[in-house]
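Before any comments, here is the structure.
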Amino acid sequence: MPDLIVLDLMLPGIDGLEVCRTLKGDPHCAYIPIVMLTAKSEEADIVAGLELGADDYITKPFSPRVLISRLRAVLRRHQHAQERHTDEAESVMILDDLAIDPNRHEVRLGDRIIDLTVTEFKLLLLLARRAGRVFTRQQIIESLHGHLTAVTDRSVDVQVVALRRKLGERGQDIETVRGIGYRFREGQ
């Protein structure tokens with residue numbers, strides 16, 4: 001996989017914006033930074049590119065030195081973001097008698113290991129890492145499955161019910177916020 005993609009908007013056969021949308025929608029390459037390099041310099045084009053997920057937008061004509069500097073800056077920002085994500089992912093969360101270990105993909109309740117599916121584990125980790133924050137069902141779907149996955153709101157409810165059941169009494173820490181979504185109870 002590439003470390004960075006330099007993408008022109010005016011490609012033969014397909015629009016560069018569509019390529020960007022496809023790449024950012026694929027979980028295998030969504031993390032790759034994209035720098036758009038194009039002759040399209042209208043404000044609407046720039047906004048469209050950045051809103052689709054481009055990390056930078058450079059218009060032609062350009063200086064090769066400026067291009068290299070901006071590519072290096074994007075790579076630095078991307079590397080720092082990945083380091084922060086790695087640091088966050090490596091820490092074990094201890095919430096009283098509940099321990100969530102992302103490295104081992106393991107949840108312990110007291111001295112007992114709780115057997116969770118991949119989706120249940122991701123859901124618990126998402127909610128517990130941001131205790132008190134309310135997530136809509138759509139935010140949960142996008143966080144767990146990506147933007148282009150056809151998953152219904154109802155499937156989130158089913159996952160929450162299964163997760164609560166497996167956590168027993170600690171399942172009450174996953175609170176329903178009526179008409180909005182779910183949150184993990186703060187102060188646990």
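What follows is calculated from the coordinates using simple rules that are stated; it is not laboratory data. Remember, it's a predicted structure, so these values are computed and weren't measured experimentally. Note: ideal-geometry Cβ built from the backbone for every residue, glycine included; neighbour counts use all protein chains shown.
Some values worked out for this structure:
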quantity: Amide H contacts of GLU106 (H built 1.01 Å from N, under 5 Å, at least 5 apart or other chain); calculated: ASP101
quantity: Neighbour-limited loop hits for trypsin sites (Lys or Arg not before Pro), region 1-43 (at most 11 other Cβ within 10 Å; DSSP other than H, G, I, E, B); calculated: none
quantity: Order of VAL19, VAL66, VAL134 under a 10 Å beta carbon neighbour criterion, fewest first; calculated: VAL66, VAL134, VAL19
quantity: Charge dipole of region 1-144 about the Cα centre (unit charges at C-beta), most positive-ward option of SER63, ILE141, LEU124; calculated: SER63
quantity: Trypsin sites (Lys or Arg not before Pro) restricted to DSSP loop in region 109-188 with at most 10 other C-beta within 10 Å; calculated: ARG178
